[in-house]
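The values are calculated or read from the model by the stated rules, or taken from the named source; none is laboratory data. All figures in this text were calculated on a predicted structure; none of them were measured in a lab. Virtual Cβ from ideal backbone geometry, glycine too; neighbours counted across all protein chains shown. Accessible surface areas use protein heavy atoms only, side chains included; no ligands, DNA or RNA. Shrake-Rupley method; radii C 1.70, N 1.55, O 1.52, S 1.80 Å.
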Amino acid sequence: MRLALTALLFTAALSAAPDDWREQGVLNLANSPRARLHSVPVRAVKMGDGFWSARMRTNVERSIPTMLALLEEHGAVDNFRRVSGRKQVARKGPLYTDSDLYKWIEAAAFVLQGEDRPELRAHCDRLIGEILAAQEPSGYLNTWYVGDREKLRFTEMQRGHELYCLGHLLQAGIAYWRATGDRRLLDGGTRFADYLVRDFGPGKRPLLTGHPELELALAELYRTTGERRYLDLAAYLLSGVERERLKLSGRDIVYLFSGSPFTSRTIFEGHAVRALYAASGAADYYLETGDAAYWRTLETLWQDLVTGKMYLTGGVGSRAQGEAFGRPYELPNRDAYTESCAAIANLMFNWRMLAATGQARFTGVIERALYNGINSGMSLDGRLYCYRNPLESEGERIRNPWYETTCCPPNLERTFASLPGYLYSTSAEGVWVHLYHNSTLDWHLEDGTPIVLRQTTGYPWSGEVSIKVNPARETEFTVFLRIPAWAERPGVRVNGAEASGNPKPGEYLALRRSWRRDDVITLSLDMPARVTVAHPMVSENFSRVAIERGPLVYCLEQHELPPGVSVFDVSIDTGAEGLRPEYAPELLGGVWTIQTRAVTGTRPLSGQPLYQTQAQVPTRTRELRLRLIPYYAWANRGQAPMRVWLPRTSRP
Ligand code: FUB
Ligand code: ZN
């Protein structure tokens, strides 16, 4: 009764405020009972010049337009025209191509949430028309299960992707509504969701997300409409109650990360993207319900992830076989699967965990994945994409404009386009600063007081951050400032005086006071290059080191070595003066490199036997100087061997 009343009030509030679409962020957590933090709208954050705005400009000017041309060329739009009868063509591509177009629209929608781009909007409007023209009166919409394949609908749920595509349709529809107030695509997706609610579930036909994704989309649809039935459908999918009706085997259950109660899970296993999308949906469910069993599972899984299954880059998925998680500490570098979508899913999962708690350990993972394992996924010119993001390479081709399974490129595009929505949050106590970048937040505190936060920084190259706090009137509230876990001696000052409270690495510093116009917070993060070692059970990295600086992981690319010297025969000298950050304005769009001394053998690798006695190993080495580049920027000067984890010289 109480729930029904809440839902009623929520719906009423929505219909009373038709402009709500302008207020909603990456997630609309405004009414989520277990969300401590609430997203701010993407449009409330204007990015200033800097690291991410350069990337975002390339995204909107190159990646998004070229990807639309490729989607057209490969038939992703024609597949809809074929179903609507607008074009007589064969269906092209694998059975999940609809989702690629939906993700592209979502990317465009995030751009439109921040700025007017009439041409981009016109493309979206045209595509929405094409998509909706293919929708059946029942609400069903999928370009694969038509014609001869119609009889297979909802019979191939392990592999079918019907629900995965619907999840992306809903997310695109919601993002486009939040961009423009235009509900057409959202209403189309909702019609399909209603079709499911009507015909599937306990006592009706069974349903399973062979590829989780619909769960999180349904939670967001609930947040958008206030209609409880969508959250209930997500709960049903997460409950795994249908495993017997669908005769699922243990292998399916592991691989799909669905088909058993989410709350029975104790480890991340199986297909990495599926598992992390499922966990994201489960976190959404927790944010709406506070179900303690869900929270216990989410915590257990998070620990499993960060203690043994996540790469230094924030990438996940160790095995090509099944695109799957491996055992704990199974983190091969060259064979790392680390799909771009999996790193993005890692961000999505941690964003929800952060919203629930306000704990910086989740933001640390977000930042790690974003700057490294996600960022590496798109070339600097915005036209090529990585599907895999390994930490070592012999120089094989890694970046392509298009993949037969092209899930990653539009996923990267929607992530970059939505970035302003990840910098700040609000809570009942005040405002949170998660990520550092030149930007202006123009929003309000949760008591309604308008506030502008102006952030100035050279992050991630420099650790100096200044934030001007401008509430419309003097108001007491807290500014939560994230102190990255790697920061050794963080300094925080307010109006020039040392801030009260102890800034602890890996936590948020709560700065509570009566804030007045033009109060200034300064944050100083020392950013030396640092030497990172892996747990001894990560056998590949035994007696190797990786170099990091600030949020960035570094690597050695063959281009940095003289002829005849291989990245596989270099040990670096990490001694006190061994690592020197240096700015290279002409390199890779302008990056800070790490200069280091190193040693290499004097015999070419190709002439060396597979095995030899220790005594036969030549002892002569030669010294060289080299520079490491940020990992995200590798494979932008043509293909070349690359290594993140490097042997360290034993030379004194
Ligand atoms: O199955 C659709 C997409 O293809 C998944 O999200 C990716 O991991 C890849 O398997
Ligand atoms: Zn992908």
In debye to the nearest 20, how big a dipole does region 50-173 give about its Cα centre with +1 on each Lys and Arg Cβ and -1 on each Asp and Glu Cβ? 200 debye
Answer rounded, prolate or oblate for region 574-642, using the Cα gyration tensor with square roots of eigenvalues a ≥ b ≥ c: rounded when a/c is under 1.5, else prolate when a/b is larger than b/c, else oblate. oblate
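Show me the chymotrypsin sites (Phe, Trp or Tyr not before Pro) within region 560-650 that DSSP assigns to loop and that have at most 10 other Cβ atoms within 10 Å of their Cβ.
Tyr611
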Would you mind calculating the gained length between Asp381 and Asn495 on full extension (0.36 nm times residue separation, minus the Cα-Cα distance), in nm to one decimal? 37.0 nm
With contacts defined as alpha carbon pairs under 8 Å and 6 or more residues apart, what's the relative contact order of region 425-524 in percent? 28 percent
To the nearest 10 degrees, how steeply does helix 118-133 sit against the main Cα axis of the chain, on a 0 to 90 scale? 50 degrees
Expected vector for region 347-357, Karplus 3J(HN,Hα) from phi with 6.51, -1.76, 1.60 and θ = phi - 60°, integer Hz, x for Gly and Pro, equals 4, 4, 4, 6, 4, 6, 5, 5, 4, 6, 10
Phi-derived 3J(HN,Hα) across region 533-542 with the Karplus relation (6.51, -1.76, 1.60, θ = phi - 60°), rounded Hz, x for Gly and Pro, is 10, 9, 3, x, 7, 7, 4, 5, 9, 4
Which residues qualify? For Met378, with a placed amide H closer than 5 Å and at least 5 residues away or on another chain, they are Cys386
Sorted list, accessible surface of protein heavy atoms, 1.4 Å probe, largest first, for Glu582, Glu288, Glu299, Glu488 is Glu488, Glu582, Glu299, Glu288
Trypsin sites (Lys or Arg not before Pro) restricted to region 25-92 and DSSP loop, no more than 15 other C-beta within 10 Å: Arg86, Lys87, Lys92
Quick one: Cα centre-to-centre distance for region 268-341 and region 131-206, in angstrom? 27 Å
Find which of Gln639, Val433, Tyr403 sits farthest along the positive direction of the dipole of the chain, computed with +1 on the beta-carbon of Lys and Arg, -1 on that of Asp and Glu, about the Cα centre. Gln639
Read phi for every residue in region 44-60 and hand back ³J(HN,Hα) as whole Hz from Karplus 6.51 cos²θ - 1.76 cosθ + 1.60, θ = phi - 60°, with x for Gly and Pro. 7, 10, 9, 7, x, 4, x, 3, 7, 5, 4, 5, 5, 5, 4, 4, 7
How many times 2.2 N^0.38 Å is the alpha carbon radius of gyration of the chain? 0.97
DSSP-assigned coil residues among trypsin sites (Lys or Arg not before Pro) in region 394-498, each with at most 13 further Cβ atoms within 10 Å: Arg397, Arg473
Scan around Phe477 for amide H atoms under 5 Å from its own, H built in the peptide plane at 1.01 Å from N, and keep only partners 5 or more places away or cross-chain. Arg513, Trp515
What nm value, rounded to one decimal, do you get for the distance between Arg183 and Thr621 when each label is placed 7 Å out toward the C-beta? 6.9 nm
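For the chain, what % of the accessible area comes from carbon and sulfur atoms, probe 1.4 Å?
On the chain, the fraction of accessible area on carbon and sulfur atoms equals 51 percent.
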Tell me what the chain gives for mean residue ellipticity at 222 nm when only DSSP H runs of n ≥ 4 count, each as -39,500 (n - 2.57), the sum divided by the residue total, rounded to 500 deg cm²/dmol. -10500 deg cm²/dmol
Take Arg296 and Tyr583, extend 7 Å from each Cα along the Cα→Cβ direction, and tell me the distance between the two endpoints in nm. 5.3 nm
For region 516-652, the dipole about the Cα centre with charges only on Cβ (Lys and Arg +1, Asp and Glu -1), to the nearest 20 debye, works out at 280 debye
Over the alpha-carbon set of region 425-524, work out the extent along each principal axis and list the three values in angstrom, largest first. 36, 25, 24
Expressed to one decimal in nm², the mean projection of the alpha carbon convex hull of region 274-332 is 4.2 nm²
If the limit is 26 Å between Cα atoms, which of Lys468/Lys504; Lys151/Lys204; Lys92/Lys247; Lys46/Lys504 go over it? Lys92/Lys247; Lys46/Lys504
Between region 619-647 and region 563-616, how far is it from one alpha carbon centroid to the other, in angstrom? 6 Å
Can you tell me how region 30-95 classifies by the Cα gyration tensor, rounded, prolate or oblate, using a/c under 1.5 as the rounded cut? oblate
